[in-house]
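Structure, as structure tokens:
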Amino acid sequence: MAPSIRDLQLTQLSSAGGDDSRDLEDVRLLDAYDNSSSEDEEKGVQQGTMKRIQVGVTGMTCAACSNSVEAALTSVNGVLRASVALLQNKADVVFDPRLVKDEDIKNAIEDAGFEAEILPEPSAVGTKPQGTLVGQFSIGGMTCAACVSSVEGILRDIPGVKRAVVALATSLGEVEYDPTAVSKDDIVNAIEDAGFEAAFVQSSEQDKIILGVAGIYSEVDVQILGGILSNLKGVRQFHFDRISRELEVLFDPEVVNSRSLVDGIEGGSIGKFKLHVANPYSRVTSKDVEEASNMFRLFLSSLFLSIPVFFIRVICPHIPLFYSLLLWRCGPFQMGDWLKWALVSLVQFVVGKRFYIAAARALRNGSTNMDVLVALGTSASYFYSVGALLYGAITGFWSPTYFETSSMLITFVLLGKYLECLAKGKTSDAIKKLVELAPATAILLIKDDKDGRCIGEREIDALLIQSSDTLKVLPGAKVPADGVVVWGSSYINESMVTGESVPVLKDVSSSVIGGTINQHGVLHIKATKVGSDTVLNQIISLVETAQMSKAPIQKFADFIASIFVPTVITLALLTLLCWYFAGTLGAYPESWLPENGNYFVFALMFSISVVVIACPCALGLATPTAVMVATGVGANNGVLIKGGDALERAQKITYVIFDKTGTLTQGKASVTTAKVFTGMDRGEFLKLVASAEASSEHPLAKAIVAYARHFHFFDDSTTDDYQSHNRDSAISGWLYDATEFCALPGRGVQCFINGKLILVGNRKLMTESGILIPEDVEKFVIDLEESAKTGILVAYDSNLIGVLGVADPLKREAAVVVEGLIRMGVRPIMVTGDNWRTAQAVAKEVGIHDVKAEVMPAGKADVVRSFQKDGSTVAMVGDGINDSPALAAADIGMAIGAGTDIAIEAADYVLMRNNLEDVITAIDLSRKTFARIRLNYVFAMAYNVIAIPIAAGVFFPSLGIQLPPWAAGACMALSSVSVVCSSLLLRRYKKPRLTSILEITVE
């Protein structure tokens, strides 16, 4: 199936301490939430005496707004607590449903001057409310931010639509809707009724497939296809589009799957029909190409008709033969007038019809856009010229006509639109490149159902791969799906997904990522994740969603766009009146007037220039195009960005908080010391500790078990191989049976072995359990900690029996990256659950001066908030597993070294490589992106501020500068193209070199 926009989470986040039930979005939303005071509220919610809802609040622009909303909510009788998140535009409210209703809360917010919408309750992390679908629609005919606002308003007014977001740069809309209340066809019709073009692209519905069908040449073939589908079990509905040759099938996934459906149709037609799964991204790309080609055809048509008009006006008067023919009177007008009128009418009403349609659509929806300006300016020029001709035929007084102004205006505007389409297409190249990574086909190995032997192979569409399929990957071929190697050995190039340039060795039991390239040997892989669950598809979905998002800075452009056109029309009217009355009152000489012209015509040309030179499009494109290019560039460099909001916040980062284990360190702990302080045998001691730690998933526990195994069997296995060897260990029975195992976050583990309690952990665990730590043991542990090692104490039957020293080496780039951040004006902080001595030893080695040690996993979020109190922007860098609360609480959460286990839901940035240098890349890219956005805004604003006075003739009396309407139109067309091209310069972004940041000279 086509990838779903909603399936953004790759791996569900696991919070430390087993507190998985808490919605991570709430952790971010309630960044000032006091956990201790919330227990009673949570109990009340669970028991039904209290209710908790989230409300979407629109219109908040600053902290004062969020404070106003909070004050309005807390003043409502029955509301126990209200917390408002400005950046998320949400309010979280706990209230007594016996005293207040949902609508009362909504009304309280609206009475405070903001728009409110009750949000559906989240069912789980990363999922949509049950019963809703997320649909993606392509929308044609949008030209500026005003169009976007108009379409979003139309969509949100449809009953059953929960959420609607429209992106101008991609011409796509994402709509979350209730399929029982509204269908996708209703949404398409609503958009089309508003005067825009619309088409359904894809949805999150999992029992629908769109297939391209080859081999249908007549109505009989269509009937044969219908008969085959009617006889297939599990097929609910189907529709064949004769124009696009696409078959849409709705089926029951419990009865039939997509591959058996395709096989059934091809088999039923005895090979007559050939089917392939329609890739939704390819369909969108084809629509973009179609739009650009259509705009080019319109431009050529307008140019072809405008060139003769230009020749008649400018060239022909200098060629006597042609000029005499044009002066030949034919009826009431000269031949030249007839030709110009006919040619320009075709340009104005046939080629330029799209401007009238778009302008009427905008006005009907109560908004204005660039099309209104173009239609107004060209119509003024055209109808004035027609009026001048008719007036001359009636009175004999002939005034100059300006037909060429209208035709050349439309030609230049269409040229600008065509160039804009090409440039906007370039901004989405990242998505296209990611889509192209996935292979079109795969080799499926057919196995005997009885003994599992391979009895054949066949080539299938890669979009029809199912979980547990065994696939054959040849040398040089792309891996078709995420999976595990079951046979063979080879090196895989994963640079296109993870950014790691060095090929990775893959053998049996190694995991592989779809879209990566097999370099040498033949591999057999078992597919584990297919469709929207694959890493590649989720990266595509993430990048696409990021490109759909709006940065807060874009609100400025949206506001300007809402008042821009009425302001320009007002200025144009004032220009007309000022120049006309100034002329009639003798304020300027008649010599300024054009030949055979009058004051009205002179004023009208200035007015038309004002109308057509103003460009709201440049403002509307300044932010989304830059965000699109930046998210694409980030994805190509292994840095996944969740959207414009995250980009904007990242460029303001003042603190970066690093988790120690797995972030600053390699996360590959190894036991360096094992000392027994009793008469117990060393082997027995290690066996006891390993038995206790065998059930733990902590990296230190894995290191201890691996060390004990090596001691017993002289096995050279590493900690990375722990999971596969653990099964063998359990089977061999070398470990003791442990009962009542319990993991204590921030302390260690405890369990019973042979009926006696064993404790493995830190000092805090020993102290809380009443275990006395002798002086010689304390001194030994201190020596370990001062050498940047972690001391793990072991107590058995209420006696401390030994200590293990565990070291986790630092990443080689850690110290250089920390110094680089300091040079960039960012203050690095280290937070860890480890003891103070070990933490300070590690921090000293990397150059971090601010350390927070002995912090429980849940307490890391409190550390983040402590740095946010003064208004600073704080980033948290962690492995995305037990750091999820802190990642969510930070202004910017960065999950590093995620690989295939990306903790997307809590993080704003996902750094695919396990390399700290990408933290600098993320901050640097965000800074350069927003520098580009600011430059775009400066250009767009400066263009209008300078161009409108010039077009209005402000400098004509002193400098003699007059801008003809056709030249004004050319300037307008090129302004939006210039902004898009400015954003495209971000494609040349190169990751910063640490040598340049640190000002190191390399000889």
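Details
- Integer Hz, Karplus 6.51/-1.76/1.60 couplings in order for the stretch 102-108, x for Gly and Pro: 4, 5, 5, 5, 4, 5, 5
- Approximate shape of the stretch 131-278 as ellipsoid semi-axes (Cα gyration tensor, √5λ), whole Å, largest first: 33, 17, 12
- Which listed pairs, of Lys668/Lys928; Lys184/Lys417; Lys506/Lys860; Lys652/Lys860, have C-alpha distances above 27 Å, in listed order: Lys668/Lys928; Lys184/Lys417; Lys506/Lys860
- Rounded to the nearest whole Hz, the Karplus-based 3J(HN,Hα) values (6.51 cos²θ - 1.76 cosθ + 1.60, θ = phi - 60°) of the stretch 220-235 follow the sequence 5, 4, 5, 5, 4, 4, x, x, 4, 5, 5, 8, 7, 5, x, 7, with x at glycine and proline.
- FRET efficiency for Glu110 and Ser562, using Cβ-Cβ distance with R0 set to 22 Å, rounded to 0.05: 0.65
- The modelled label-to-label distance for the pair Arg682/Tyr217, using points 7 Å beyond Cα in the direction of Cβ, is 8.3 nm.
- The stretch between Asn77 and Ala582, if pulled fully straight at 0.36 nm per residue, gains 175.4 nm over its current Cα-Cα span.
- For the stretch 766-867, the fraction of alpha-carbon pairs in successive 10 Å shells from zero, as %: 14, 37, 32, 14, 4, 0
- The residues packed around Val530, meaning those with a beta-carbon under 9 Å from its beta-carbon, carry a net charge of -2 if Lys and Arg are +1 and Asp and Glu are -1.
- Taken about its Cα centre, the stretch 138-268 carries a charge dipole of roughly 160 debye when the Cβ of each Lys and Arg holds +1 and the Cβ of each Asp and Glu holds -1.
- In this view, the solvent-accessible surface of Met295, computed with a 1.4 Å probe and all protein chains in place, comes to about 10 Å².
- Amide hydrogen neighbours beyond the local backbone of Trp487, cut-off 5 Å, H modeled: His524
- For Glu457, residues with placed amide H under 5 Å, excluding near neighbours: Ile446
- Dipole check for the stretch 441-533: with +1 at the C-beta of Lys and Arg, -1 at the C-beta of Asp and Glu, and the Cα centre as origin, the magnitude is about 120 Debye.
- Straightening the chain between Trp836 and Glu457 buys 130.5 nm, computed as 0.36 nm per residue apart minus the Cα-Cα spacing.
- Near the amide H of Thr673, within less than 5 Å, lie the amide hydrogens of Gly805, all on another chain or at least 5 residues away, with H placed in the peptide plane.
- Rough spin-label spacing in nm, given labels placed 7 Å along Cα→Cβ, for Val386 and Trp734: 9.4
- Sorting Glu494, Glu819 on solvent-accessible area from highest to lowest, probe radius 1.4 Å, gives Glu819, Glu494.
- In Hz, Karplus ³J(HN,Hα) per residue of the stretch 738-743 (6.51, -1.76, 1.60; θ = phi - 60°; x = Gly, Pro): 10, 10, 6, 5, 8, 8
- Heavy-atom accessible surface of Trp836, to the nearest 10 Å², is about 110 Å², with a 1.4 Å probe and all protein chains retained.
- Inverse of mean 1/r across different Cα pairs in the stretch 441-533, Kirkwood, Å: 13.1
- Asp451 accessible area, 1.4 Å probe, all protein chains in place, Å² to nearest 10: 90
- Radius of gyration over Kirkwood radius for the stretch 582-674, both on Cα atoms: the Rg/Rh ratio is 1.53.
- Nearby lysines by direct alpha-carbon distance to Lys272 (threshold 22 angstrom, same-chain neighbours under 8 apart not counted): Lys233
The values are calculated or read from the model by the stated rules, or taken from the named source; none is laboratory data. Please read all numbers here as calculations on a predicted model, not as lab measurements. Backbone-built Cβ (ideal geometry, glycine too); neighbour counts: all protein chains shown. What goes into the accessible areas is simple: the full protein's heavy atoms, side chains included, and nothing from ligands, DNA or RNA. Shrake-Rupley method; radii C 1.70, N 1.55, O 1.52, S 1.80 Å.
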